[in-house]
1. Quick one: in region 83-94, of everything that is touching a strand residue (DSSP E or B) at 6+ places or on another chain (Cβ under 9 Å) and surrounded by fewer than 16 Cβ atoms within 10 Å (Cβ to Cβ), which residue is farthest from residue 15 (Cα to Cα)?
2. Go through region 95-136 and report how many residues are loosely packed, with under 15 Cβ neighbours inside 10 Å and under 14 Å from the mean Cα position of the chain (by Cα).
3. Inspect region 68-82 for any residue being in contact with a helix residue (DSSP H, G or I) (Cβ under 8 Å, 6 or more places away or on another chain), assigned to a strand (DSSP E or B) and surrounded by 13 or more Cβ atoms within 10 Å (Cβ to Cβ) and give the result as yes or no.
4. Inside region 117-142, can you point out the residues that are under 26 Å from residue 47 (Cα atoms) and part of a loop (DSSP other than H, G, I, E, B)?
5. Looking only at region 1-51, which residues are buried (at least 16 other Cβ atoms within 10 Å of the Cβ) and either free of Cβ contacts under 8 Å to residues at least 60 places away in the same chain or in a helix (DSSP H, G or I) (or both)?
6. Please go through (1) in contact (Cβ under 8 Å) with a residue 24 or more places away in the chain; (2) assigned to a loop (DSSP other than H, G, I, E, B) for residue 114 and return the number of the only condition it doesn't satisfy.
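Any read-out appearing in this document is the output of simple, stated calculations on the displayed coordinates, not a laboratory observation. Computed from a prediction, not measured in an experiment: that's the story for all the values here. Note that we place each Cβ from the backbone using ideal geometry, even for glycine, and neighbour counts take in every protein chain shown.
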């Protein structure tokens, strides 16, 4: 998807965990191991983007985990809060504000989005150090945190 704004865009990252493993993709264009995710489109909220990206990139319908406050007034719809937020540089002139979600798979069959990714796989904590190309420390931290928090829940 093209950038919505020349300087900054909003994105979602979805760390899907099942049986103490996190689902990761080897992104074709970026040549990096990453969680599922992508841009929030103009006609969707962050939850909708996370659910859409998870389905498009993995074949799974997922359950987003987190707290949804009660709606207290008409015209307000409470959203599940991301577990974390970050801002990361894409180029010298462009950044992404990332909304980072934890999720569990609900339905579907693991499917590689071959046009976007070289590979898709479930990785345990011990697998994170063996990936090639190596994963960034920041993504490894999120993977470990997601596995730990979801596995003990």
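1. Looking at residues that are touching a strand residue (DSSP E or B) at 6+ places or on another chain (Cβ under 9 Å) and surrounded by fewer than 16 Cβ atoms within 10 Å (Cβ to Cβ), I get 94.
2. Matching residues across region 95-136 total 2.
3. Within region 68-82, none of the residues are in contact with a helix residue (DSSP H, G or I) (Cβ under 8 Å, 6 or more places away or on another chain), assigned to a strand (DSSP E or B) and surrounded by 13 or more Cβ atoms within 10 Å (Cβ to Cβ).
4. Listed by number, the residues that qualify are 124, 135, 136.
5. Listed by number, the residues that qualify are 36, 38, 39, 40, 46, 47, 49, 50, 51.
6. (1)
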